[in-house]
Structures are given as structure tokens and as C-alpha cells.
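Heads up, the thing below is written out as C-alpha cells.
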Amino acid sequence: MDGGNSKTDVLVADTSGTVLATVRGPGYRPHEGGLDHAVATVASLVDRALADVPSPPAAAGASARPVAAPAPYPVAALSAYMANVDLPDEEDALVKALRSRGWTDRVTVGNDTLALLHTGARRGWGVAVVCGAGINCVGVGPDGASVRFPSLGAHTGDWGGGGTLGEAALWHAVRAEDGRGPATALTAAVAAHFGAATALDVGIAVHLGDVHRDRLLTLAPVLMDVAEAGDPVALSVVDRQAEEIAVLGTVALRRLGLLDRPAEVVLGGGVLAARRPPLMAGVRRRFAAAAP
């Protein structure tokens, strides 16, 4: 399982590495509905994926397995790399909850930044920065030493990700509209995105619950569009995001003693995977300066 804030992917493979089934569903967000609800949500995805696994061919003379039978193969191991698993107690709680589902006792749990690092780092070590709905970073040195960040929100020093970018877009749009901030094309773009007459109408709709705060995440691509068109306000927000991504990565490299030697930095998450030019240019420029 690879669970982010916005989506979870479940993949079933056999021990040779052949993919047998895949399922995608909601993100893993225990901080909202509680651990039990979050685990139940992703557990339903695992059950669906296991049910989609083709039954093995019946041996000669053996009766065929019923089509509706669950999990035609035993589960040898479960690896779950999930967002919002940032503290040791959260890892332990998720391991216990997943074992209780009865699939297997062999359960490995970690933060989703580790999934990105394992997938992208050719030598098995380096730094991974995730910028999707939220932002996080992990570093692993060639000696196995690791660096983590709390990534619990603004109260633990974090800034960025699609949710933060969407909030910033709305913030600047409203302030430009009422005169508290400089003019920006974000004002019209934000209103149009939600089919509203004004940016303030969007803000009021969020306050009243007519627009769920999670939908501000959808403003991240709007912000990038406006920035690519050259809007100074939008560019300033994107530049700050580039700074945060580079700071996370370079601090991890420094704490691992890797600033002065070749090391891989793996970038992932929806905001970074989109490869929007203003953001990527800022990220590359900063890494080139801090960790050439």
C-alpha cells in the first residue's frame, strides 16, 4: 500500500514480482476520522485488490476453486507506506491494526516518503521530498543513518503542498480584491474556478461549508497556471514552495554529511510530479547552489 493524503494505491504481486491486481481509493487520513475509520477505508481497498487476483490454475484432477472465493493466494507480507505515519507510536498502531485484519502477521509500516525513496534511489539511499497534498522529506545515508522531519503541519515548522498552495491562492485573491494586497490575476482565476462572482464569495463559501476546505487543493494547478503566465504574486508563492522543497532536501543532505558528495534527491507527490516549469526551475536552481 502507498497511501497519501489524497489517494491510496494497493498493489498485489506474487513473489516473483508479477503484478496480479491494483486498486486505487481514498487517502489515508487518521487525523480526521480517527485511526479505525482510516484503516477500515484502506482495508476495503486491500480486500478489493485481493478479490481481483485471478485464481491459480487448478491441478490436474482437482476441483476448480469457486469464483467467489476470497484471496486465492495466501498473503506472505504486507508493506504499507502511508502519509500521516510520522511518529513511532503511529507506526506501532498501524502495524497492530493491519495485523488484526488477518491477512498476514508479516507487516512493514513506514511513512510514504520511504516508498518514494525506495522507488527512485538507484543505490538505495539518498533523500526523498514529497510535495503532494502536503509536504515531507526523508533522508537515508549509505551507512543506514536516517533523517526525518515531523511534518505535522504549520505548528511543527512545515509549509507547502497542494493544500497550502490552494489556501495561499485564495488568500492573495481576496486581498487583491479588497485592496489589502497587490493586484493579481489570481482574483479572477480563483473565482472562475469555483464558478463564483468574486474571490470573496469563495472564501465565504468555505466559511459556511458550502465549499469543503479540501477543495482548495484543486487551486494548486490554477496557481501554477497563473504563475506560468507571469503573474508576480503567483510566482512569489511558487518560489516559496521551491524554497521549502530545497530547504528540506538540503538540510537532510547536510545532516547526513552528503552535501559534498554525489547523492540522489528523489522528488515526488502530485505537485512535483506535474513538473510545472516555474516550480522546477526554482527547485533545480536552489539544489545546484546548495548541493552542487
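Observations
- Scanning the range 89-101 for residues that are farther than 23 Å from G268 by Cα and either open to solvent by less than 60 Å² (accessible area, probe 1.4 Å) or part of a helix (DSSP H, G or I) (or both) yields a count of 9.
Residue-by-condition table, conditions (1) open to solvent by 70 Å² or more (accessible area, probe 1.4 Å); (2) assigned to a helix (DSSP H, G or I); (3) modelled with pLDDT of 95 or more; (4) under 30 Å from G132 (Cα atoms):
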site: N5; (1), (2), (3), (4): no, no, no, yes
site: A60; (1), (2), (3), (4): yes, no, no, no
site: V67; (1), (2), (3), (4): yes, no, no, no
site: A76; (1), (2), (3), (4): no, no, no, no
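- Only residues that are closer than 19 Å to R101 by Cβ, touching a helix residue (DSSP H, G or I) at 6+ places or on another chain (Cβ under 8 Å) and among the small types (G, A, S) were counted in the range 1-32, giving 3.
- The set of residues in the range 248-258 that are open to solvent by 60 Å² or more (accessible area, probe 1.4 Å) and in contact with a helix residue (DSSP H, G or I) (Cβ under 9 Å, 6 or more places away or on another chain) contains only R254.
- In the range 102-111, the condition of being at pLDDT below 95, touching an Asp or Glu at 6+ places or on another chain (Cβ under 7 Å), in a helix (DSSP H, G or I) and surrounded by 22 or more Cβ atoms within 10 Å (Cβ to Cβ) is met by no residue.
- Hits in the range 247-292 (condition: touching a residue at least 60 places away in the same chain (Cβ under 8 Å) and polar (S, T, N, Q)): none
- Close Cβ contacts (under 9 Å, 6 or more residues apart or on different chains) running from residues in the range 1-15 that are more than 7 Å from G27 (Cα to Cα) to residues that are among the basic types (K, R) comprise D9/R24; V10/R24; V10/R48.
- On the stretch given as the range 186-214, residues that are in a helix (DSSP H, G or I) and surrounded by 15 or more Cβ atoms within 10 Å (Cβ to Cβ) total 15.
- The lone exception for A115 - which of (1) surrounded by 15 or more Cβ atoms within 10 Å (Cβ to Cβ); (2) outside any helix (DSSP H, G or I) it fails: (2)
- Residues in the range 76-123 that are touching a strand residue (DSSP E or B) at 6+ places or on another chain (Cβ under 8 Å), among the acidic types (D, E) and free of Cβ contacts under 8 Å to residues at least 60 places away in the same chain: E91 only.
- The set of residues from the range 136-175 being part of a strand (DSSP E or B) and open to solvent by less than 50 Å² (accessible area, probe 1.4 Å) comprises N136, C137, V138, G139, V140, V147.
- Scan of the range 259-272 for residues that are assigned to a helix (DSSP H, G or I) and modelled with pLDDT under 95, ordered by number: G270
- Evaluated against (1) over 27 Å from Y28 (Cβ atoms); (2) surrounded by fewer than 15 Cβ atoms within 10 Å (Cβ to Cβ), V233 falls short on exactly one condition, (2).
- Within the range 21-43, tally of residues that are among the aliphatic types (A, V, I, L, M), open to solvent by 30 Å² or more (accessible area, probe 1.4 Å) and touching a residue at least 40 places away in the same chain (Cβ under 8 Å): 1
- Looking only at the range 259-271, residues that are open to solvent by less than 60 Å² (accessible area, probe 1.4 Å) and not aliphatic (A, V, I, L, M) come to 4 in all.
- Among residues of the range 272-292, those that are open to solvent by 20 Å² or more (accessible area, probe 1.4 Å) and aliphatic (A, V, I, L, M), counted: 7
- Residues satisfying the stated conditions in the range 176-185, i.e. surrounded by fewer than 16 Cβ atoms within 10 Å (Cβ to Cβ) and aliphatic (A, V, I, L, M): A183
- Conditions (1) open to solvent by 20 Å² or more (accessible area, probe 1.4 Å); (2) aliphatic (A, V, I, L, M); (3) assigned by the TED database to the domain that holds R255; (4) at pLDDT 95 or above; number of the one not met by A133: (4)
The values are calculated or read from the model by the stated rules, or taken from the named source; none is laboratory data. Every value quoted in this text rests on a predicted model; they were computed, and no experiment measured them. No Cβ is skipped: glycine too gets one built from the backbone with ideal geometry, and neighbour counts run over all protein chains shown. These area figures cover heavy atoms from the full protein model, side chains too; ligands, DNA and RNA do not enter into them. Shrake-Rupley method; radii C 1.70, N 1.55, O 1.52, S 1.80 Å.
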